[in-house]
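Notes follow once the structure below has been shown.
The values are calculated or read from the model by the stated rules, or taken from the named source; none is laboratory data. Not measured: the values here are computed from a predicted model. No Cβ is skipped: glycine too gets one built from the backbone with ideal geometry, and neighbour counts run over all protein chains shown.
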Amino acid sequence: MTQHNIINGEALETLKGIEAGTIDLVVTDPPYLCNYQDRDGRKVRNDDNAAGVLGVFSELFRVLQQDSYAVVFCGWTAIDQFSKAWADAGFKVGGHLVWGKDYVSNTKHVQYRHESAWLLTKGNPQRQGKALPDLLDWTYSGNRHHPTQKAVEVIAPLIRSFSKPGDVVLDPFLGSGTTAVAAALSGRVAIGVELEAKYCELAKNRVSGAERYHAAKGERQAA
């Protein structure tokens, strides 16, 4: 039986059912509130629901243990709304991470060649091991499973840097499951919430595969 919990539900309401102080790390890529549509016409649910997206920050602060991190991907178009929401919830900004791309995702005014995430802190957390650089190389996922899918290679270093093996990692906007997959491969326990049932089922299947791979790798190392 899997130790990970993938939940099909609305983020804000689901978080209200999680006990306070039981989460060790949040890593999430919420809707950017920019009415996103990819080249194939795929959209992101709740991308026009500012109250539902921004309302999660007070709940994230509540469920996180003291002295913990949250990593939140966010575009520049609504950064004023996001930064106010996480500050009002009690978070402080501990850093800003940028991934440089070798391709262009938009050319409306300038060439968009980067992705950003903000490192938020609750209390005074301590990183694990060597500090990550704040400028990182981007790995393109291909967006095969989801219109804004992140690659495991992007998420896994965040989990390893800001949590310990066995810690509980939460993503309230799980999408196709990348955060949960990265958590499973890194020896952490994942809790993920996803609004769309089709992505929730996909995430469960991906996490099951990651669990099997991680278990087999451990057995080979022990042999």
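Being surrounded by fewer than 16 Cβ atoms within 10 Å (Cβ to Cβ), more than 25 Å from Arg160 (Cα to Cα) and not hydroxyl-bearing (Ser, Thr, Tyr) holds for only one residue in Asp137, Asp80, and it is Asp80. Scanning region 158-177 for residues that are touching a residue at least 40 places away in the same chain (Cβ under 8 Å) and either in a helix (DSSP H, G or I) or among the hydrophobic types (A, V, I, L, M, F, W, C) (or both) gives Leu158, Ile159, Phe162, Val168, Val169, Leu170, Phe173, Leu174. If only residues of region 117-155 that are over 16 Å from the mean Cα position of the chain (by Cα) and modelled with pLDDT under 85 are counted, the one that is nearest to Tyr69 (Cα to Cα) is Gln128. Could you check region 171-199 and list, in sequence order, the residues that are β-branched (Val, Ile, Thr) and either within 15 Å of Ala156 (Cβ to Cβ) or surrounded by fewer than 24 Cβ atoms within 10 Å (Cβ to Cβ) (or both)? Selection gives Thr178, Thr179, Val181, Val189. The set of residues in region 91-131 that are of a type outside the set (S, T, N, Q) and out of contact with any strand residue (DSSP E or B) (no Cβ under 7 Å at 6 or more places or on another chain) comprises Asp102, Tyr103, Val104, Lys108, His109, Val110, Tyr112, Arg127, Gly129, Lys130, Ala131. Could you run through region 90-113 and say how many residues are over 23 Å from Ser68 (Cα atoms) and at pLDDT 90 or above? Here the count works out to 1. In region 54-73 there is no residue matching the filter, namely being crowded, with 18+ Cβ neighbours inside 10 Å and modelled with pLDDT under 95.
Taking the numbered list (1) farther than 25 Å from Val189 by Cα; (2) modelled with pLDDT of 95 or more; (3) small (Gly, Ala, Ser); (4) surrounded by 15 or more Cβ atoms within 10 Å (Cβ to Cβ) in turn, Ala87 passes all entries but (4).
Residues of region 183-200 that are in a helix (DSSP H, G or I) and in contact with a strand residue (DSSP E or B) (Cβ under 8 Å, 6 or more places away or on another chain): Ala183, Ala184, Ala197, Cys200.
Among residues that are in contact with a helix residue (DSSP H, G or I) (Cβ under 6 Å, 6 or more places away or on another chain), aliphatic (A, V, I, L, M), under 18 Å from Ile7 (Cα atoms) and at pLDDT 95 or above, Leu170 is not included.
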